[in-house]
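First the structure, in the form of structure tokens, and then the observations on it.
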Amino acid sequence: MDRLAAKPCLTVAALTLDRGIMQTKHERWWAGPWPWLVYLIFVPLPWLWKWPDTTTLVLTGFAVAVFLPLYFVAHRMDGPRRAIVCLAITAIGIALATFPVGWTTFAIYAAAEMGRVRPPRAAVVGIALIAIVVAITGSMQNQPLLWWLPGLLLVVITGGATISREAFDERTQALLATQEEVRRLAGTAERERITRDLHDVIGRTLTLVALKADLAGRMLDRDTEAARHEVAAIATAARAGLADVRAALAGQAGGGLAQETAASRAALRTAGVDLVLSGNPADVPEEAGGVLAMTLREAVTNVIRHADARQCRIGIATGPDDVRLIVEDDGVGLPFREGNGLTGMRQRLVAAGGRLTLTPMYPGTRLEASVPA
């Protein structure tokens, strides 16, 4: 049980670690718009060489005041609306091209936001358009290359980097979603396994305990020693059942086919059902035997609980390609509406590459299970 309790903790720790390593864009504050405003310092950079006049100062302040809300709005928009706002930001820079300011800075911001447009082809087209407009504007203004060429290069680099970052974030989101789905499916599969194993284990144990309790009750008045023996057998069966439940919870349910055959013989004898065994369970490979052992347990439990049979025949046949287990009884026959037992039996066999067949015999029922050898 300690091992079982540790598994959820390990799973949660792994999930926390994965999410810490691969945080999405919604979790990283530095992926938001605020940190990148530091690059606005490049707007007044030319003033280190040429002090601006009043008109330049006023227009630059007005341009920045218009740019800031557009920038934050663009960061929250999607699709064509973001592209339109990015073009408006580019227009702000173009309007300042005749003044001694770092006008290409606005185009760089526009390219960064354009890189977030989806689909990526639209982002590439938008960034290319911004770069062309910057190149044409710089050439038409007869400005030195040093004034606008670095900005043009940063438009392309920043826009391409944003496209790559967005693609990485999308892949990360898809990977995290896949991991969550795998964990969910693994949890579902584990619950189904525990349900199957507990059904088989508890069904056999409780059936055996009930039979021995009835037998002890009938012997109590006429044979006290025999009744005491049966009560002791009940205690033994209960302890064995508890051990089986713990094994099932730890994923270690089911022994070998030979062990389960011996247990089935004892259970059938307690129920007053004669057993006819053909084939040697020791000849069955271990992996196939483990699957068939759980099948045999559930089949024999059904015979004891429902069939009202006098005889049960168990056949084990090992072929070149598969191993077959056949359980037949001469009882009243079983209804073929599958409950948890038959469903779990079928799921276990299918997962191992085998199959399950149920056939009415009039009287009785024939169950045939096969798995690859």
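The values are calculated or read from the model by the stated rules, or taken from the named source; none is laboratory data. Fair warning: this is a prediction, and the values are worked out from it, not measured in the lab. Methodologically, a virtual Cβ is constructed for each residue, glycine included, from the backbone with ideal geometry; neighbour enumeration extends over all protein chains shown. Accessible surface areas use protein heavy atoms only, side chains included; no ligands, DNA or RNA. Shrake-Rupley method; radii C 1.70, N 1.55, O 1.52, S 1.80 Å.
Please tell me if residue 127 is open to solvent by less than 60 Å² (accessible area, probe 1.4 Å), of a type in the set (Val, Ile, Thr) and either assigned to a helix (DSSP H, G or I) or on the phi > 0 side of the Ramachandran plot (or both). Spell out how you get there, then give the answer.
Numbers: open to solvent by less than 60 Å² (accessible area, probe 1.4 Å): yes; of a type in the set (Val, Ile, Thr): yes; either assigned to a helix (DSSP H, G or I) or on the phi > 0 side of the Ramachandran plot (or both): yes.
Here the answer is yes, as residue 127 does meet what is asked.
Only residues that are under 43 Å from the mean Cα position of the chain (by Cα) and either open to solvent by 60 Å² or more (accessible area, probe 1.4 Å) or closer than 13 Å to residue 167 by Cα (or both): list them for the stretch 130-140, please. Quick ask: steps written out before the conclusion?
Initial filter on the stretch 130-140 (under 43 Å from the mean Cα position of the chain (by Cα)): 130.
Those that are under 43 Å from the mean Cα position of the chain (by Cα) and either open to solvent by 60 Å² or more (accessible area, probe 1.4 Å) or closer than 13 Å to residue 167 by Cα (or both): none in the stretch 130-140.
Consider residue 272 against the criteria (1) crowded, with 18+ Cβ neighbours inside 10 Å; (2) not in a strand (DSSP E or B): it satisfies all of them except one. Which criterion is unmet?
(1)
Checking residue 89 against (1) more than 15 Å from residue 151 (Cα to Cα); (2) at pLDDT 95 or above; (3) of a type outside the set (Asp, Glu): exactly one of these is not met. Which one?
Every listed condition holds for residue 89 apart from (1).
Considering only the stretch 141-159, state which residues are open to solvent by less than 30 Å² (accessible area, probe 1.4 Å) and within 37 Å of the chain's Cα centre (by Cα).
159, the sole residue that qualifies.
With respect to residue 111, determine if the residue is open to solvent by 30 Å² or more (accessible area, probe 1.4 Å), aliphatic (A, V, I, L, M) and within 20 Å of residue 84 (Cβ to Cβ).
Working: open to solvent by 30 Å² or more (accessible area, probe 1.4 Å): no; aliphatic (A, V, I, L, M): yes; within 20 Å of residue 84 (Cβ to Cβ): yes.
Criteria not met by residue 111.
Quick check: is even one residue across the stretch 64-78 aromatic (Phe, Trp, Tyr) and either under 20 Å from residue 157 (Cβ atoms) or touching a Pro at 6+ places or on another chain (Cβ under 7 Å) (or both)? Can you show your working first?
Here is the first cut: in the stretch 64-78, the ones aromatic (Phe, Trp, Tyr) are 67, 71-72.
Among the residues that remain, those that are also either under 20 Å from residue 157 (Cβ atoms) or touching a Pro at 6+ places or on another chain (Cβ under 7 Å) (or both) are: 71-72.
The answer is yes, given that some residue of the stretch 64-78 is aromatic (Phe, Trp, Tyr) and either under 20 Å from residue 157 (Cβ atoms) or touching a Pro at 6+ places or on another chain (Cβ under 7 Å) (or both).
How many residues does the stretch 242-299 hold that are modelled with pLDDT under 85 and hydroxyl-bearing (Ser, Thr, Tyr)?
1
With the checklist (1) β-branched (Val, Ile, Thr); (2) within 34 Å of the chain's Cα centre (by Cα); (3) surrounded by fewer than 19 Cβ atoms within 10 Å (Cβ to Cβ) in hand, flag the one item residue 117 doesn't pass.
The number of the failed condition is (3).
In this structure, does residue 305 turn out to be touching a residue at least 60 places away in the same chain (Cβ under 8 Å), open to solvent by 60 Å² or more (accessible area, probe 1.4 Å) and under 30 Å from residue 233 (Cα atoms)? Talk me through it step by step, then tell me what you get.
Details: touching a residue at least 60 places away in the same chain (Cβ under 8 Å): yes; open to solvent by 60 Å² or more (accessible area, probe 1.4 Å): yes; under 30 Å from residue 233 (Cα atoms): yes.
Answer is yes for this residue.
Got a number for residues in the stretch 81-108 being free of Cβ contacts under 8 Å to residues at least 40 places away in the same chain, of a type in the set (Val, Ile, Thr) and open to solvent by 10 Å² or more (accessible area, probe 1.4 Å)?
Total meeting the criteria: 3.
So residue 288 passes all but one of these: (1) in a helix (DSSP H, G or I); (2) open to solvent by 30 Å² or more (accessible area, probe 1.4 Å); (3) farther than 26 Å from residue 206 by Cβ. Which condition number does it fail?
(2)
Which of the residues that make up the stretch 329-347 are within 18 Å of residue 293 (Cβ to Cβ) and either modelled with pLDDT of 90 or more or open to solvent by less than 30 Å² (accessible area, probe 1.4 Å) (or both)?
Within the stretch 329-347, 341, 342, 344, 345 meet the criteria.
Which condition does residue 342 not pass, out of (1) out of contact with any Ser or Thr (no Cβ under 9 Å at 6 or more places or on another chain); (2) part of a strand (DSSP E or B), if it passes all the others?
So the condition that residue 342 fails would be (2).
If only one of 238, 189 is surrounded by fewer than 13 Cβ atoms within 10 Å (Cβ to Cβ), at pLDDT below 75 and assigned to a helix (DSSP H, G or I), which one is it?
Going through 238, 189 in turn, just one is surrounded by fewer than 13 Cβ atoms within 10 Å (Cβ to Cβ), at pLDDT below 75 and assigned to a helix (DSSP H, G or I): 189.
Please go through the stretch 345-364 and give me each residue that is out of contact with any Phe, Trp or Tyr (no Cβ under 9 Å at 6 or more places or on another chain) and either in contact (Cβ under 8 Å) with a residue 40 or more places away in the chain or of a type in the set (A, V, I, L, M, F, W, C) (or both), ordered by number.
Answer for the stretch 345-364, where residues must be out of contact with any Phe, Trp or Tyr (no Cβ under 9 Å at 6 or more places or on another chain) and either in contact (Cβ under 8 Å) with a residue 40 or more places away in the chain or of a type in the set (A, V, I, L, M, F, W, C) (or both): 345, 347, 348, 349, 350, 351, 352, 354, 356, 361, 364.
Out of everything in the stretch 43-54 that is in a helix (DSSP H, G or I) and free of Cβ contacts under 8 Å to residues at least 24 places away in the same chain, what residue ends up being most open to solvent (accessible area, probe 1.4 Å)? Reasoning before the result, please.
Keep residues of the stretch 43-54 that are in a helix (DSSP H, G or I), which gives 45-48, 54.
So of that shortlist, the ones also free of Cβ contacts under 8 Å to residues at least 24 places away in the same chain come out as 48, 54.
Values: 48: 134, 54: 102 Å².
Per the stated criteria, the residue is 48.
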